[in-house]
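Worksheet: the structure to be examined is printed underneath.
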Amino acid sequence: MSSLAYIPSPHSGVVDLGPFHLHAYGITLLLAIAACIWLTGVRWVRMGGDWDLVLRVAVWGVAAGIVGARAYHDITSWNEVPHKWWGPFAVWQGGLGVWGGILLGCLVGSWIVRRSGASVRLMLDAAAPGLLLAQGIGRIGNYWNQELFGKPTSLPWGLEINRDNRPVGYEQYSTFHPTFLYELCWDTVGVLLLIWIGRRFRIRPPGIFCLYVAYYTFGRFFEELLRIDPAHHFAGLRLNAWVSIVVFVLAVAGFVWSQRRGEEKPSGPAVRAAPRGPRMAIPKGRVRPGR
C-alpha cells in the first residue's frame, strides 16, 4: 500500500549535540511535563493556591509517574522488555504505560497535597487539563520512535514507517494510521473542552478530573481498535481497550457521585492560610472594660 502524500518519519530518534546524544523521546517527555506544570500552576493560582505546592507535587508526582508508567509496561508487556539487566528501566526506548503513570503520580501527588493541608479534590481539578495536555504532547515521542501506530492506510496523512519498524505481517505496507497524531488532536480538544466546562458550569470537585478520565478513555478505546503493535488480547479486544472500558465506567460513576452528593464542608482551602504571627500577650489586669 502506497500513498501519494504521507507524513514522513524521522530517520533517527537521537539528537546529536557535539559529544551529547539526546533521545528525542526523552526531550518530548520533558516538554510534556513542563506544559503540565505550567497549566496546572496557572489554574491552581487562580483557585487561590500558590506555585510552591504545584512544584512540590510535580517533583514527587513526576518521579512516581515514571515509576508507575514503566512498571505498568513491564507487567502488561513483559515480552517487549529488553533481555538485559537494564531492560526493565529502559524508558529511553519507549515503553511507558500511561495508566500506571497517571495512577501512581496522582496518588503520590494527592498525598503531598493532603500533607500540606490543601484540598486534594481542588488540586485534581486544577491538574486535569494539564495532565491531558501532557499526554497529548507525550504521544509525539511515539513518532520519534516509530512505534504504536495504527493499521495500514493510504490516506494523505498516513505515517511512513521504515521497514525495520513494521510489525510482522505488515512488511509490505509503507504507510499507517498516525495514532500519535490522532491522540494529540483528541487530547488538545479535550484540554480546551475541560477548561470551558469548568468556566461555564458549576462543577463540584473532583468533577473536572472525572470528566478528564472519562474523555481520555473514551478516545483511547477507539485508538486501541486501530493499533497493531503487539498486545495481549482478551475476548477479542486488546488489554488496554478493556482497561479503557473499566476506567471509563468508574470515571462516569465518580462524576455522578461527586455532583449528586449533599452539601458538605470543604476538606480545606486551596492552600493553607499563612499565619499572621503570634498574638500579643496582655495581662488580664491591664484590659480595659468595654474594649
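What the pair-distance distribution of the range 201-261 shows, using all Cα-Cα distances binned every 5 Å from zero, is 4, 20, 25, 18, 13, 10, 7, 4, 1 percent. Sequentially through the range 24-31, phi angles give Karplus couplings (6.51, -1.76, 1.60; θ = phi - 60°) of 4, 4, x, 4, 4, 5, 5, 5 Hz, Gly and Pro residues having no value and appearing as x. Here the range 165-260 is treated with +1 on each Lys and Arg Cβ and -1 on each Asp and Glu Cβ, and its dipole about the Cα centre works out to around 600 debye. Taking all protein chains as they are arranged and a probe of 1.4 Å, the heavy atoms of H23 leave approximately 80 Å² accessible to solvent.
Pick out, in residue order, every one of the chymotrypsin sites (Phe, Trp or Tyr not before Pro) in the range 150-191 that is DSSP loop and has at most 14 other C-beta atoms within 10 Å; say none if there are none. Hits after loop and neighbour filter: W157. Here's how it looks for H23: its modeled amide H is under 5 Å from those of V15, which are all 5 or more places away or on a different chain.
Less than 5 angstrom separates the built amide H of E160 from those of I7, S9, F176, all sequence-distant by 5 or more or on a different chain.
Send over the per residue convex hull volume for the range 121-245, Cα only, as a whole number of Å³.
Hull volume over Cα atoms, normalised by residue count, gives 113 Å³.
Annotation for the range 179-258 versus the range 107-131: alpha-carbon center distance of 19 Å.
A simple spin-label model places pseudo-atoms 7 Å from Cα toward Cβ; at T76 and C185 they are separated by 2.4 nm. Full extension of the segment from N162 to F222, taken as 0.36 nm per residue of separation minus the current Cα-Cα distance, would add 19.1 nm.
With all protein chains in place and ligands, DNA and RNA left out, the 1.4 Å accessible area ranks W111, W44, W144 as W111, W144, W44, largest first.
The values are calculated or read from the model by the stated rules, or taken from the named source; none is laboratory data. In this text, all values refer to a predicted model and were calculated from it rather than measured experimentally. Virtual Cβ from ideal backbone geometry, glycine too; neighbours counted across all protein chains shown. For accessibility, only protein heavy atoms count, side chains too; no ligands or nucleic acids. Shrake-Rupley method; radii C 1.70, N 1.55, O 1.52, S 1.80 Å.
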